[in-house]
Amino acid sequence: MAKRGTITIELFQKDAPKTVAHILALVKSGFYNGMVFHRVVPDFVVQCGDPTSKKWSDADILAKDDGQGGTDGLGSGGSGKTIPFETNSQTHEEGTLGIALSGPRTNTGDSQWFINLKPNHRLDGDYCVFGKVVKGMDVVKRIKRGDRITKMAVVEPARRK
């Protein structure tokens, strides 16, 4: 994360296999590198995943505040490959990741995802939870609209002997 620090995320492969596989493929391809957090709603979520944000200057992003935590002109882009909606027993707790959709329980998930800044149980069952922050929640809470992802990488967990 440019300027703010590092965030480590655990993905829930057993609970959301299609969502996790899709996001992992995008991470491995470098899709998220240089992307902007285009939506930051205090006490709710931080959101990224719109590839058009890579082309925007920092000044343009800051000038296009939509008044609701988002950026006018951003938030509708994706990789072009939607995934089916997945439901599971995971709940929207502080630090969990959810896949952004155009509406609840729709097959419109793609590259956009959010991190919950607090428990958001009104989203439970309607937006797939596919991971959680295991290190760096302090960094997440400092994210501002327009912050860029320097690099995302997959780190395999250490194997126990």
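Quick notes
- For Thr52: the one exception among (1) assigned to a helix (DSSP H, G or I); (2) touching a residue at least 60 places away in the same chain (Cβ under 8 Å); (3) more than 24 Å from Ala16 (Cα to Cα); (4) not charged (D, E, K, R): (2)
- Single residue of the range 119-141 satisfying the filter (among the basic types (Lys, Arg) and surrounded by fewer than 14 Cβ atoms within 10 Å (Cβ to Cβ)) that is nearest to Lys55 (Cα to Cα): Lys135
- Among the residues of the range 87-95, not a single one is under 13 Å from the mean Cα position of the chain (by Cα), over 21 Å from Pro42 (Cβ atoms) and of a type outside the set (D, E, K, R).
- Scanning the range 1-35 for residues that are at pLDDT 95 or above and touching a helix residue (DSSP H, G or I) at 6+ places or on another chain (Cβ under 6 Å), we see that the one that is surrounded by the most Cβ atoms within 10 Å (Cβ to Cβ) is Met35.
- Contact map, the range 12-35: residues that are over 14 Å from Gln90 (Cα atoms) and charged (D, E, K, R) paired with residues that are at pLDDT 95 or above and not in a loop (DSSP other than H, G, I, E, B), Cβ distance under 6 Å, separation 6+ or inter-chain. Pairs shown: Lys18/Ile83.
- Taking residues in the range 100-129 that are under 17 Å from Val27 (Cα atoms), and partners anywhere that are polar (S, T, N, Q) and in a loop (DSSP other than H, G, I, E, B), the pairs with Cβ atoms closer than 8 Å and at least 6 places apart or on different chains are Ala100/Gln112; Gly109/Thr82; Asp110/Ser79; Asp110/Thr82; Ser111/Ser79.
Okay, residues lined up against (1) among the charged types (D, E, K, R); (2) more than 21 Å from Asp15 (Cβ to Cβ); (3) outside any helix (DSSP H, G or I):
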| site | (1), (2), (3) |
| --- | --- |
| Ala59 | no, yes, no |
| Gly73 | no, yes, yes |
| Lys81 | yes, no, yes |
| Phe85 | no, no, yes |
| Thr91 | no, no, yes |
| Leu97 | no, no, yes |
| Thr106 | no, no, yes |
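- The lone exception for Asp110 - which of (1) of a type in the set (Asp, Glu); (2) out of contact with any Gly (no Cβ under 8 Å at 6 or more places or on another chain); (3) farther than 19 Å from Asp147 by Cβ it fails: (2)
- Residues of the range 108-131 classified as in a loop (DSSP other than H, G, I, E, B) and among the small types (Gly, Ala, Ser), total: 2
- Selected residue (only one of Leu62, Leu24 is over 26 Å from Asn107 (Cα atoms) and not hydroxyl-bearing (Ser, Thr, Tyr)): Leu62
- The range 64-96, residues that are surrounded by 14 or more Cβ atoms within 10 Å (Cβ to Cβ) and in contact (Cβ under 8 Å) with a residue 60 or more places away in the chain: Gly69, Gly70, Thr71, Ile83, Glu86, Asn88, Gln90
- Any hit, the range 55-69, residues being modelled with pLDDT of 95 or more, in contact with an Asp or Glu (Cβ under 8 Å, 6 or more places away or on another chain), more than 25 Å from Val154 (Cβ to Cβ) and not aromatic (Phe, Trp, Tyr): no
The values are calculated or read from the model by the stated rules, or taken from the named source; none is laboratory data. Given the structure is predicted, the values throughout are model-derived calculations rather than measurements. All Cβ positions, even for glycine, are placed from backbone atoms using ideal geometry, and neighbour counts span all protein chains on display.
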